[in-house]
Each structure stands twice: as structure tokens, then as C-alpha cells.
Amino acid sequence: MIDGHGLCVQLDALARISSQADGLTRLVMSAEHRKANDLVATWMRAAGMRVHEDAIGNIIGRYEGLQPEAPALIVGSHLDSVRHAGRYDGPLGVLAAIAGVAALHQRGEKLAHAIEVIGFCDEEGTRFGATMLGSRAVAGSFDDAALALRDDEGISLAEAMQRFGLDPEALASAARRPGDCLGYLELHIEQGPVLEALGLPCAAVTAINGATRLAVTLTGTAGHAGTVPMAGRHDALCAAAACVLAVEDAALAAGLVATVGRLELRNGAINVIPGEVHFTIDLRAPQDDLRHRTLASLEAQMRHLCERRGVGLKVSKLHELAATPCAPHMIAAIDRACTGLGLEPHHLASGAGHDGMAMAALCPIGMIFLRCKGGISHHPDESITPEDACLGASLLLEVMRAPGLTSVNAASHKF
Ligand SMILES: [Zn+2]
């Protein structure tokens, strides 16, 4: 049903629209954004969709259902990239959705609901620093303060929009009404190695992880490395080493991910006992209560470790973002579609952020992960097989057709 070869040809053609020859770079409101939208629009029209570009520069194709103006299932992903990116993170979800609609169109099949395919203009935040500009505009949560953000060349988002042919004053018109949207569905590469290791092509995402980032300061007593006996020391780095391992232990015990990505020893010298150490903790989990409980016990553990060594501990929060659960009926629809295609249903949490985080404010969300080679993403080596691309698109199509999606309407959405 899915033209897998055609999908791969389109993925390769879209990947050639890049501001750099070596690796892919496609930024929001750029000449490449314009070319990508135009090319995607031609594919949407060929698949039987009515196409328009909204007020933030998202490209949107609509395939009507049996009833005109029926509520739509929104299916899509993003067309922008990080710098020196791969070709599947984002475009796969947009082009697979178009391939699904093309299959429906070819056999004259109409659904009880409409399908709208959206290629979001910006998810990565590469140019202006603020992420998910496209999906936030659609969900009605766009912060107008973002219009004043400037890129590396000093061009504001508002100016860039005008050069692109968009009116910043009209931004609110991109927002959709909840009653018009049945849900948001996205196919995305996993960006991790789990599915490949399990030998499974696809999984339903349970939630997009919430995250907490902490800054930790340990204050010990600096001293002469030769004269202060070991027994009387308050070595801040030894305390930090114990704390870093406690972070790893806490994550393993709770089944979540936590990372100490920065560690700095103040005034370090070969012959000085470390007096002050700073490090960061990034901790992510699919459930907020699990994240909070793990953080509380980790902090108690670190406090205990530091007290034993006579080292002061200060923990401050840098950032906190709640988890975004996927809707149970969307997860169930993905599981059923997997079974229907002879695939073993599997569930994974998403460690990375996605447009669904913004779209969840508007409607229930569902996500499918597709395995990718070595879990590599945000790099030109990002890779999937043509067979998997076809399988992912087939699964997406079966979920798009799932009758269960229309029985739970947006009014019952309670996130
Ligand atoms: Zn992505």
C-alpha cells in the first residue's frame, strides 16, 4: 500500500535542500525553508490534499474525510534541522504521513475524519534558540516575546518572518481550535539504540520525558597536598565523585536517565586538596512523580555523603519541564496497528523533546518511534533502512485509519 521506494526518493530529494553541502542544515525562515515547503506542497497536492502555509510558515495539507469540514487527525513532524544534521529526524514523519494519504487517495478511500499533514517550520530552535515555534503557534501557546529573539546575524524572528513573506501581526491565526483536532500523531526516528538492540522496528511512545536540571556546589577545605593528613581532609572532589556515582545509582534503581555532564574544580592544582567543585545533574523520566521522588532521595543521599566528609552541599534548580504523556487510546491504537502488521507491540519513553509536547496543549497525542542505525541522530550518519521506512509509514497509515481515534474526541482530552 505504501510506495516505500517513492518515500525514500522523496527523503533524499528533501535532504538535498540544505545550506551546507557537507551534512544537512535547514533553518526556519531561510531560503531552504522556502524550497522545502514548496517541494513538500507539490507532494501533498499529488497525494490529493488541499495545501496552505499558515502564519508561522508551517506547510499544511488537508485530506477531507467522508464529511466535509470533519475534525482532523493531525499527522506530521518538523522540516527544520540542527546544523550538520541527518535526513530523517523530522522529514520522515512528514513524508511518511504524505505517503499514507497518497495510498488512501490512490484507492479512493475516505475516512470518518479528515487528515491534516503538517510540516512544522521549527522544532529544533537552531536559528533563534526557542524551540517548537511551529507547533506552539498551532497549539495557541506561542509566546510573542519570541518575535524579538535574534539569530547569529542579529536578525529578529519578526524581521525574518517578514522577509519570508509572513506577517508577525497575524500569528494568532495559526492557532487551531481544540474541537477541530482529534489528535496529533507523529512518526519519528528513535534517536536511541534500544529498538535496534531488541530487534524491533517500531514502538509506541508512552510519554515524552519530563526533565529537571540542577546545579550542585560542594564546598570543602582546600589545603596542602603534602602536609594535611588523609584523616582530617574535607576534599570537595572526593565528595563530588561519591555524589556522581550516587546519581548513576539512583537512575539505575529508578529506571530513568540521569547525567552529570559538567564538572568543574575551582582553583585546581596538582598539590592542592580540592576546596570547591561545581557540577550539573540532568535527570529525565516519563512520569513526574517518579522524577520528583528520585530527586528527593538522591538529594538526601548526596547530603549524607557530604556530611560524612564535612563538605558543604548546595543544590539549585536550573530548569524544570513536566513530562508529556501520550494518550492511552493513541498508544492502544498503535499497539493494535502493530499487531495487525505482524509486529510485536513495544513501548518506549522519549528522552528527547518533540512537537507533541506543544501539541498536547491542543489535543491528545500519540507517537511512533522507528529504529535507526546505532541510535545516531543530529549527525549526517543518521540512517534507517528503506524497509523500515516503508514499515513505519505503513504503521502510521494504519493508525491514521484506526476507527478508535474518532470515538475519543478532543473534548475528552484532559491533560
Ligand atoms: Zn525531531
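Structure notes:
- Taking the stretch 152-180 as the range and being modelled with pLDDT under 95 and surrounded by 13 or more Cβ atoms within 10 Å (Cβ to Cβ) as the test, the residues that pass are Pro178, Asp180.
- Flag for Thr217 being within 18 Å of Gln301 (Cβ to Cβ) and of a type in the set (S, T, N, Q): yes
- Boolean, Ala36 is out of contact with any strand residue (DSSP E or B) (no Cβ under 9 Å at 6 or more places or on another chain), closer than 18 Å to Phe120 by Cβ and crowded, with 18+ Cβ neighbours inside 10 Å: no
- Residue that is surrounded by the fewest Cβ atoms within 10 Å (Cβ to Cβ), among those in the stretch 327-366 that are within 13 Å of the chain's Cα centre (by Cα) and in a loop (DSSP other than H, G, I, E, B): Ala352
- Going through (1) within 18 Å of Ala139 (Cβ to Cβ); (2) within 15 Å of the ligand (Cβ to nearest atom); (3) of a type outside the set (Ser, Thr, Tyr) one by one, Leu362 falls short only on (2).
- Criterion applied to Leu73, Leu79 was being crowded, with 24+ Cβ neighbours inside 10 Å, under 20 Å from Leu370 (Cβ atoms) and touching a His at 6+ places or on another chain (Cβ under 6 Å), and the one residue passing it is Leu73.
- Residue ranges of strands (runs of 3 or more DSSP E) in the stretch 151-266 with at least 3 members of a type outside the set (A, V, I, L, M, F, W, C): 181-189, 210-219
- Subset of the stretch 382-406 that is away from the ligand (no atom under 16 Å from the Cβ) and in a loop (DSSP other than H, G, I, E, B) - its residue that is surrounded by the fewest Cβ atoms within 10 Å (Cβ to Cβ): Pro403
The values are calculated or read from the model by the stated rules, or taken from the named source; none is laboratory data. This one's a predicted model, so the numbers in the text were calculated from it and none came from an experiment. Note: ideal-geometry Cβ built from the backbone for every residue, glycine included; neighbour counts use all protein chains shown.
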